[in-house]
Structures are given as C-alpha cells and as structure tokens.
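Encoded as structure tokens, the structure appears first; notes follow it.
The values are calculated or read from the model by the stated rules, or taken from the named source; none is laboratory data. It should be emphasised that the depicted structure is a prediction, and the values quoted were computed from it without experimental measurement. Virtual Cβ from ideal backbone geometry, glycine too; neighbours counted across all protein chains shown.
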Amino acid sequence: METIKSKQDFGRVFSGGKRANHRLVRMTVLRLNEGGPARVAFVAPKRLGNAVFRNRCKRVLREAAREAGFPREGFDVILFATQGTHDAHPHEVAQAIGSVMGRFDKNKGQ
RNA sequence: GAAGUGGGCCAGGCGACCGCGGACCGGUGCGGUCCAGCAUUGGACCGUGUCGGGAUGAGGAAAGUCCGGGCUCCACAGGGCAGGAGGCAGGUUAACGGCCUGGCGGGGUGACCCGACGGAAAGCGCCGCAGAAAAGAAGACUCCCGCUGCCCGCCUCGGCGGGUGAGAGAAAAGCUGAAACGGUGGUGUAAGAGACCACCAGCGUCGUGGCAACACGGCGGCUUGGCAAGCCCCCUCCGGAGCAAGCGCAUGUAGGAGCGCCAUGGUGUGGCCCGCACCGCGCUCGGGUAGCGCGCUAGAGCCUGGCGGUGACGCCAGGAGUAGAUAAAUGGCCGCCCAUCGACAGAACCCGGCUUAUCGGCCCACUUCGCAC
RNA sequence: GCGGGCGUGGCGGAAUUGGCAGACGCGUACGGUUCAGGUCCGUAUGGGGGCAACCCCGUGAAGGUUCAAGUCCUUUCGCCCGCA
C-alpha cells in the first residue's frame, strides 16, 4: 500500500482535494488527472490523545483501508481519525469509507 | 484468621488464516564495469525492479526530561572571574543530587518509615499587628525596696513611729506575642539578682571509644533569639554544544553580485578576560537545501554459580542473546485454557539512576492482635 | 533534542522588599431615573456555616520552609512561545 510521504504531496492534496466527514472517519480526497500510483495517508491529530491512542487509531484506519480496497485507482486519499475511530471495529470504518467514497465514484460516472 | 511492614516477580498463553517493518537466502528481468573467448556467449561484482522462502520485531515504566555519564565536534579542554549544582559521616561507582552502612532528629505498640541534616560570636538585611521593650535599646517606662536626705509626731535627748520618693539600690513582676538578655526548686536580702547551691538545657574544654559523623564521662565560667528553601560565608563538583552531534555522497546559473570594515582587527567561542589555533570578516540582494548512505546498536548490559564484603558492590567461571523505524513497522479474525482478556502506556544515539502513572495476581521474610493445640 | 514563560471571582487583569487576597474594568442581579427601552446613578456579587456579631475554607494540584506564602523551595498537571 503506497503512502503519501512528502510535505509537498500533502499540501497538494489539501489544496486541491475535497473533504468529507463521517462519525468514524474524516477524509480528504484528490482526483488524479494524469497517471501515477494512487496513494493513501493515515493521520491521527495530537488532540485525540496520547501516542498509544493515536497508534491504535491509525491501525484501525489501515485495516479498514485494506478491507475497503485502497489504494483506489485515480485517487489520493488522506484518512483522519476521529474520537470514534479508536473504539470502532475496522469493518464499521471500512463501510463508512465505502459509503463516503461512493459519492466520488458517482461523480466520476457523471 | 485479621490487620500491617519490607523485598522480589508477572504484565495473558497456545494454535490456524489474512496483513505490516525488515536482515538474510534463492529464482528471474533491466542497466553498468571487469575477466575469458575470433564470436554467438559464459562468469564475477555493483545498482535497480519483481516473485518465492524466511528467522525476527516495544516497556516496567519505552513516559516526564529532574540528575549523572558514554559518544561526536568545537584546540589538546588549559588558567581566572562570573554563573550553576550539591551540602551529617564513611563507603560504593564510569559518574551522580543515586545506592549502601552508620550517626543525629522525628513518627509508629511494633516490623519499619521519614528527614534540602554545614555556618546566625565574618558581615549586611528582615521580624507586620499587639506589646514597656522585637534584636545587644537605655536598664528608657510601669512596678519593687525604704539605706541616706527631707517633713511630721512622741520622748527617757538619742532613738522610735509615720509620710515623701530627690539621690543611692535592684533587675524579681509587667496581662502582649510565633518568639522576651536559660528553666525549676532552694539559700540569701531592705528589696533582690547565677550573688550562692542542686538538677536539667545550652556553650567551652579535656579524657575515653570510633577512620569519621558522634556517643559517654569529668571539669569550667554562668548564658550569647529566629530566618541562610533572604543576600551571603565555607567545602566539593561543573568548558560548551548536542545524533537535526558528526562524517561521506549526490544535486545546484554556485569559486555569485553590491556596499562597508580591516591588524591595539576578525573568526573558532557558546557570559567575560587570558591563553591557544586560524586569516579575512560583517551587512544587504539574489540563489539553494533538509535527498541517500554511514553514525545505528553487543552494552560501565543480562542470567546462573562460586569467592570477598554487614551491605551497596567487586572479582572469577559458565551460559543465553541482533527491535533499529524515518508521514515512522505489532493489527484483524477464529478456536481453546486461566477468572470476567482487563491498568498505565509505544523505542527514535546508548547506558546508570530519580520521579510520576498503573488493573489484577503470585512468591519470600518479618510485625501486632485474636483463637486453637 | 535544547531553552523560556504563564496558571488569581463568570471574563480580562492588579497585589513593590513574604505582612488584611481579590484593586480597577467588563458582565450579572436588584432598585432609581423614563410613557417605555437605551444611556446614566446607586447597591450587591468566591464557597460554606450562623438570627447576628462573626467563624472556617479558598490564588491549577500535592507537600515543605517560615510566626506568616499568590509571592520562597520540591514534585506534579495543563497551556503557550522560541531555537536547531
């Protein structure tokens, strides 16, 4: 699973991407016009808690992303943990990601 | 059995499947270099992609960053001032503000626990309100006494009684306060006082024991508040930075332009001075960069046994054993077991401590109380 | 990794060398002014107890030094800032 690493790439996704919120996950999605590998990033803000709490959040997101079929062709996605992510089951989070991504797939079809 | 004290240990386990970091091994594609050969080609090494195999992979505090070191660079880390830290004694150690043993003080019936525990007659400063007085202030004030003097009365003519409080005496009492020129009791006196005596506290000094802190005993003269976590004094220790240290490679219009200063100068140097080393330096404009590799994990380390030591610890012998990431790896799911899957919590150069957080459980030693034998 | 600062009523923000904690401003409540509202003026305003006089507790938390701590010291929690 290719991850976004450099500061410049993050900046590109933040400025050009669209945001979508859910109780269990928040995400920023950038549609890629030209080729290049689709990538993912996992973020847990510091205000959520200590290092163990945030590591757990990112592991849940990682497992959910794997189940949801990431990385998806043509998208760079940043996944943010929320307060609910820590105690959620990865399967729930995967469904949440799926429903949110559904909007973007629909838009793509139009 | 109940309550408690001290010390040590564990931090769910096993199996199956899917996934993550990553050393290593094997296959294979591409590129480069070298070697052999006339040549198709073959072999070795390096880089890179891909497929398969595959050991191994967070903590007792990884935490807070409160101390101490190692390591690296600055000069080989040197002198002084400033600044900072520590503060009963002896030991332990690489070092420490840690630890051990002992002393002293305090708490507990006890096992045990706690203690920033040098100096206030080196100096400066502070001690509000109350109180006569608050730090040597004079014996100032109230109070005490009635020797001398003065006044009045009596009378046996020199004394007696009464009054006064000028002079002399004295430091006991003075309601306050956190704290008042040691405390209690006695002798003494006009009244009193370490003036004298006994005991206690404290000080000095001598002796004995102890490496020492200190303890015990004798003697002495009678006595000098508290705060140093106020400044300070004394003793001991500390050069500065930190793995973004530091070294190498690659990239780059890059050995850039302008102005200013310059040897009693500038930089290394981080507060200052000296010393040492180097010879350009400062500002502005413009440009570039946090890519890759090394450092990077085996270390004053851990376990077991023996010896020395009261102990911390030291010495010797044997044994086991690679976390090294860099947008940063440990997760998901199923089954079984203990007891309900639990607490605090995630390595980032590495160690030794300290402090703080913490569900539940186990082991050892000891104390007090109750009951039974 | 290294270094520095802050925490006081509901809010902002004072409290000199330790010596009566909450000055001052805002806000809130009540009353007055007005036909009504605003402005303005006055009173009250940390918590608990008491009929009252008054007493006790309160400066992020827990200890300590001192006769006395918002102030000094230690540990700890939270927040903010700077440097590489």
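Checked against (1) within 11 Å of RNA strand B (Cβ to nearest atom); (2) in contact (Cβ under 8 Å) with a residue 60 or more places away in the chain; (3) in a strand (DSSP E or B), A:Asp76 passes all but condition (1).
Yes/no matrix, rows are residues, columns are (1) part of a loop (DSSP other than H, G, I, E, B); (2) under 16 Å from A:Thr85 (Cβ atoms); (3) within 11 Å of the chain's Cα centre (by Cα):
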{"position": "A:Met1", "(1), (2), (3)": "yes, no, no"}
{"position": "A:Leu30", "(1), (2), (3)": "no, no, yes"}
{"position": "A:Asn55", "(1), (2), (3)": "no, yes, no"}
{"position": "A:Arg59", "(1), (2), (3)": "no, yes, no"}
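On the basis of being loosely packed, with under 14 Cβ neighbours inside 10 Å and more than 11 Å from RNA strand B (Cβ to nearest atom), does A:Lys7 make the cut?
no
Against the conditions (1) closer than 15 Å to A:Gly98 by Cβ; (2) more than 8 Å from RNA strand B (Cβ to nearest atom); (3) surrounded by 14 or more Cβ atoms within 10 Å (Cβ to Cβ), A:Glu63 satisfies every one except (2).
Among residues of the stretch A:16-45 being within 11 Å of RNA strand B (Cβ to nearest atom) and out of contact with any Asp or Glu (no Cβ under 6 Å at 6 or more places or on another chain), the one that is farthest from A:Asn55 (Cα to Cα) is A:Val40.
A search for C-beta distances below 8 Å between a residue of the stretch A:1-21 that is within 18 Å of A:Ala65 (Cα to Cα) and any residue that is within 8 Å of RNA strand B (Cβ to nearest atom) and among the aromatic types (Phe, Trp, Tyr), counting only pairs 6+ apart in sequence or on different chains, returns A:Thr3/A:Phe42; A:Ile4/A:Phe10. A:Gly84 meets all of the listed conditions (1) outside any helix (DSSP H, G or I); (2) under 18 Å from A:Ile4 (Cβ atoms); (3) more than 9 Å from RNA strand B (Cβ to nearest atom) but one, namely (2).
Residue by residue, here is whether (1) buried (at least 18 other Cβ atoms within 10 Å of the Cβ); (2) more than 14 Å from RNA strand B (Cβ to nearest atom); (3) acidic (Asp, Glu) holds:
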site: A:Phe14; (1), (2), (3): no, no, no
site: A:Phe53; (1), (2), (3): no, no, no
site: A:Ala68; (1), (2), (3): yes, no, no
site: A:Val100; (1), (2), (3): yes, yes, no
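The residues of the stretch A:95-109 that are in contact with a Lys or Arg (Cβ under 8 Å, 6 or more places away or on another chain) and either at pLDDT 85 or above or of a type outside the set (Phe, Trp, Tyr) (or both), listed by number, are A:Ala96, A:Met101, A:Lys108.
In the stretch A:70-93, the qualifying residues are those that are of a type in the set (A, V, I, L, M) and under 10 Å from the mean Cα position of the chain (by Cα), and the one that is surrounded by the fewest Cβ atoms within 10 Å (Cβ to Cβ) is A:Ile78.
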